[in-house]
Amino acid sequence: MSEEEISEIREGQELRKEAIGIYGVYAVDRDLSLEEVKKHLDNGDRYVIRMKSPGDMHNEIVLHDMIKGDIVLPENIIDEVILKKDGIPTYHFAHVVDDHLMKTTHVVRGDEWVPSFPKHLQLCKLLGFKPCKYAHIAPLTKKEDGKVRKLSKRKDPEFSVSYYKEAGIPVDAVRLYLATLANTNFEEWYLQNSDKSYLDFQFSFKKMPTGGTLFDTEKLNNICRTYFSRISASNIYEDSLAYFKKYDEEFYNIMVTNKDRLIEFLDIERNGKRPRKDIATYKDVKSESMYMFNEYFYKDKEETYKEIDKAGIDVELLHKYLEVFDEHDDNDTWYSKIQNLATENNYAPSTKEYKASPESYKGHIGNICEMIRHVVTGKNQTPNLSNILSILGKEEISKRISFFEN
């Protein structure tokens, strides 16, 4: 059949709202004699090879889908092309033959292929092959301008492996996130089994989502934070070192020079019941630790203190604190000294006491800790302040107080 003939048939079928394709009365070459076929070949006429469908439009078949359950579909009646004019097999033919030869047992594919199942089942029966079991997965979707659409490998950077590499997201964290998309119960299992690998998880087709799965960057971010909270400071250092060597040579050199300091910083609050979760990507290793390195802290005073409210910081009180500071103190001793400092300077030694009588105090112990944090780090939030101060040391803290007040 010529392209014009096929196009004319399709147009008529669309107008009459009939099944689109070559079948029944439209399959004009279906019953050609061998002599007629030979004549066409001798004339050099181009041709395709079609499956001669034995289907009946009144019959139905059932797809026992491993994810979506039983799906009732009309039996295939289309004489589907299995070899194109250039001799290349179509997907339908190649899928059935290849999977048979490879002894494939399960086919996992996008659910846009559900309507093709009747063709594939019919091909298997005609060829005498045992059909595979099918699991049709829902597409990944993305929310854009208030609408949800299918994630596109052409339009969306998240579809590319390079996106995660450049963003500093570890390979294993991406795998963990994909596992949350694959099985609805994975995330709960992962949070409850901190001592196990995702490879220990029992995957189930029955727990796969049946509808479109939203690609949620916030969930990816949370998975990454949990991932980083469970690996050692040394591993974070080594893995991020490789990242910065490729993407940020300046910070890479600082990491090499200050290896012990950075590992000590990354180790703060890492082994307790509630490990810190301030790192979601390798990039965060830099952004969360920059104030620990003089190369960044003293570079630009406005930049260093842009995050904090400078008003109300009592520099004289900070100098008094420095007199009692000892970098070898444990957390309890450190806090006890802050409490004494608070009492001696009319600050409530606890927030509870302050709330009971706020007019009696300049502030409370938390305000003193906040002042120290602001001046020494330039941040509103940091890991355990006592540990940070111990790593920096008394001399460095003194320099930073002077840097702030001058």
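For segment 108-154, chymotrypsin sites (Phe, Trp or Tyr not before Pro) meeting the loop criterion (DSSP other than H, G, I, E, B) and having at most 16 other Cβ atoms within 10 Å: Phe129. Think of a 1.4 Å ball rolled over the protein heavy atoms: the chain then has 59 Å² of accessible area per residue.
For segment 342-394 versus segment 227-245, the inter-centroid distance based on Cα atoms is 31 Å. The simple spin-label model puts a point 7 Å past each Cα toward its Cβ; for Ser7 and Lys355 those points are separated by 7.8 nm.
Using only the C-alpha atoms, the convex hull of segment 138-194 corresponds to 110 Å³ per residue. With a ≥ b ≥ c taken as the square roots of the eigenvalues of the C-alpha gyration tensor of segment 25-100, please select rounded if a/c is under 1.5 and otherwise prolate if a/b is larger than b/c or oblate if it is not? Oblate is the answer for segment 25-100, as a/c is 1.5 or above yet b/c matches or exceeds a/b.
Let me see the pair-distance distribution of the chain: every alpha carbon pair, 20 Å bin width, integer percents in order. Cα pair-distance distribution for the chain, in percent: 19, 35, 23, 16, 7, 1. Determine the sum of side-chain charges near Glu250: Lys and Arg each +1, Asp and Glu each -1, restricted to other residues whose C-beta is under 12 angstrom from that of Glu250. Cβ neighbours under 12 Å give a net charge of 0.
With each label modelled as a point 7 angstrom along the Cα→C-beta vector, the Asn345-Leu34 pair spans 10.6 nm. Summary of the geometry: segment 71-141 and segment 271-296, compared by the centres of their Cα atoms, lie 50 Å apart. Would you mind telling me the share, in percent, of accessible area of the chain contributed by carbon and sulfur at probe 1.4 angstrom? Whole-percent figure for carbon plus sulfur exposure: 50. The smallest convex shape that holds all Cα atoms of segment 297-406, its convex hull, gives 103 Å³ per residue. Sites listed here are GluC sites (Glu not before Pro) in segment 27-98 whose DSSP assignment is loop and whose Cβ has at most 10 other Cβ atoms within 10 Å, and the list is empty. Looking at the chain, what % of its DSSP beta bridges pair antiparallel, to the nearest 5? Bridges in the chain are about 60 percent antiparallel. Looking at segment 275-372, which trypsin sites (Lys or Arg not before Pro) are in a loop (DSSP not H, G, I, E or B) and have at most 10 other Cβ atoms within 10 Å? Here the trypsin sites (Lys or Arg not before Pro) that fit, given the DSSP loop and packing criteria, are Lys306, Lys310.
Of the cross-linked pairs Lys68/Lys206; Lys337/Lys394; Lys52/Lys84; Lys143/Lys219; Lys84/Lys125; Lys142/Lys219, those separated by over 18 Å at the C-alpha level are Lys84/Lys125. For Leu199, neighbours were defined as the other residues whose beta-carbon sits under 11 Å from its Cβ, and their charges (Lys and Arg +1, Asp and Glu -1) total 0. Electrostatic tally near Asn271: other residues with Cβ closer than 14 Å to its Cβ, Lys and Arg +1, Asp and Glu -1, net +2. In the chain, helices alone account for a calculated mean residue ellipticity at 222 nm of -14000 deg cm²/dmol, with every DSSP H run of four or more residues adding -39,500 (n - 2.57).
With R₀ set to 51 Å, the beta-carbon distance separating Phe159 from Thr333 gives a calculated FRET efficiency near 0.45.
The values are calculated or read from the model by the stated rules, or taken from the named source; none is laboratory data. On a predicted model such as this, the values are computed, not experimentally measured, just so you know. Positions of Cβ are backbone-derived with ideal geometry, glycine not excepted, and every protein chain shown enters the neighbour counts. Ligands, DNA and RNA are stripped out before the accessible areas are found, and what is left, the full protein with its side chains, is counted by its heavy atoms. Shrake-Rupley method; radii C 1.70, N 1.55, O 1.52, S 1.80 Å.
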